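One structure is given below, encoded as structure tokens.
Since every read-out is calculated from the coordinates, none of them should be taken as a lab result. Note that the coordinates shown come from a computational prediction; the quantities given were computed from them, not determined experimentally. In this analysis, Cβ positions are derived from the backbone assuming ideal geometry, glycine residues included, and neighbour counts consider all displayed protein chains.
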Amino acid sequence: MKKKTTIITLLAGVFLMLAMVLVNLIVTATHHNKTVWATSTSKSAYENVMVKTKEATEKQYRIALQYPVFKQASLNKEIDQYVKEKEISFLKEMKQIDKKKLKKQPASLRMTFEIIPDNAGVYSILFNEKAYITAEKNRSVNEAFIINMENGLLAKAPDLFINPEKASRALHTPVEIKDAGLYVKNNSIVFLNEDKKHKGSVSLHRAAPFLKKEWRDQLTAAPSSEAVTAGKSVKKIALTFDDGPNPKSTKAILATLKKHHARATFFMLGSRVEQYPALVDQVVQEGHEIGNHSWSHRDFTKLSKQEVQDEISRTALAVETAAGASPITVRPPYGATNDLVNEVIGAKPMLWTIDTVDWKSHNPKAICGIVEKEAKDGSIVLMHDIHETTAQSLDKMVSSLQKQGYELVTVSEL
Ligand code: ZN
């Protein structure tokens, strides 16, 4: 009995000692890893934004983080997380460096930001991260968030786009969108290089098809503050091609348009988009616009609201998947429309002013003749890129229009 108690006491003692050592270890570890922060909050130039500053000075590193605090919890959650991730990855990188090296030259992380207001509650938050780990490992990175302070919506700049890579190529952005510091101002997206120098801009109008719908609506909803373009006005005309794409004739049309530096609009059928995604991508990459011409070319006025909705959204999704751009305008098959159809489309359907009857005549000379006779400033020409005869009519048609001083633009640019 006595023996047993002694053993238990002994075991308990050993256990207690082990536990104490363990606790001590944890405390030491925590103490060594813990960064001591000095934090403060101050006012910014904007009524609804405070500036939070978090600083730490340790033997091996220095951190200074400055970031905005908004009234909306949803915005703060995302920004806090972004800044926290920067801090964590900096500390992680630093741990891989020889401690002696760090004692000589401490590592540092500095985050600063700038707020650039645009219209209607939209603000760009431009972060700059300066990280110095060692002389070989240091960086300056610009990253942007676009936020709406009114509804609490936020996106990291590349996430504004359906497909940042395809948008970069089609829009010829001066910096790859995925690496860009950018901001939105005066109906333009302004791109910055590493040193925050202005690298060029793309108009929101031009970028609109490449933006995700929720952001397209917000960024383009603002009343235009764009200055009215001064100088002489150029006569404009929009060539449109329905029912494609077609691997042979659409390609021939693209080649002719390229030759003349002309742009056009292709009202595509979703079912054909799905069949020829690479061709759809090419159309967008060459600067043309894609319109929505339904999935299966049925008369919208004979369909239910839901069926019309499906025809349009299924096609839009196929175009987005193929080309990273959305069709902004809808042309109902046969131009057949009514109040219900218009309600689903949500805008005026994009019809035409010149009918070439190309599907009937199959005669390049006749097709050209109609366009030459009826062309005037603002005309929208209806053709079909599924007929080779239409493709054959194009070279002469474009030459003749350009000779008359017309600029060939997409329907959205008229
Ligand atoms: Zn059609």
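Worth pointing out:
- Length-normalised contact order of the chain in % [C-alpha pairs under 8 Å, at least 6 apart]: 11 percent
- The rule of thumb for compact globular proteins, 2.2 N^0.38 Å, goes into the C-alpha radius of gyration of segment 137-190 1.22 times.
- Dipole magnitude of segment 296-377, debye to nearest 20 (Cβ charges: Lys/Arg +1, Asp/Glu -1, about Cα centre): 160 debye
- Inter-probe distance in nm under a simple model that places probes 7 Å from Cα toward Cβ, at GLU93 and LYS376: 6.3 nm
- Quotient of Cα Rg and 2.2 N^0.38 Å for segment 269-325, N being how many residues it contains: 1.14
- Farthest towards the positive end of the charge dipole of segment 225-346, among the residues TRP295, PRO333, LEU257, is the Cα of LEU257, using unit charges on the Cβ of Lys, Arg, Asp and Glu.
- Computed from label points 7 Å out along Cα-Cβ, the spacing between GLU85 and LYS396 is 5.9 nm.
- For the chain, the share of DSSP beta bridges that are antiparallel, to the nearest 5, is 65%.
- MRE, 222 nm, helices only [DSSP H, n ≥ 4, -39500 (n - 2.57), over the chain, to nearest 500]: -12500 deg cm²/dmol
- Multiplying the residue separation of LYS156 and THR41 by 0.36 nm and subtracting their alpha-carbon distance yields 39.0 nm.
- Distance between the 7 Å Cα→Cβ label points at ASP217 and THR321: 2.3 nm.
- Loop-located chymotrypsin sites (Phe, Trp or Tyr not before Pro) in segment 293-375 (DSSP state not H, G, I, E or B) with no more than 12 neighbouring Cβ atoms inside 10 Å do not occur.
- Against the compact-protein benchmark of 2.2 N^0.38 Å, the Cα-based radius of gyration of the chain scales to 1.40.
- Debye log10 I(q)/I(0) for segment 269-414, one point scatterer per Cα, at q = 0.11, 0.16, 0.20, 0.21 Å⁻¹: -0.45, -0.95, -1.33, -1.38
- The chain: angle of helix 2-33 to the longest principal axis, Cα-based, in degrees nearest 10: 50 degrees
- For a straight C-alpha distance cut-off of 17 angstrom, the lysines reachable from LYS77 (same-chain residues fewer than eight places away being disregarded) are LYS52, LYS54, LYS86, LYS156.
- Whole-percent pair-distance distribution, where bins are 5 Å wide, for the alpha carbons of segment 298-371: 3, 14, 21, 17, 14, 15, 11, 4, 0
- Estimated FRET transfer efficiency when R0 is 25 angstrom, pair LYS302-VAL357 (beta carbons, to 0.05): 0.60
- Loop-resident trypsin sites (Lys or Arg not before Pro) (DSSP state other than H, G, I, E or B) in segment 37-142 with no more than 16 further Cβ atoms inside 10 Å of their Cβ: LYS59, LYS71, LYS137.
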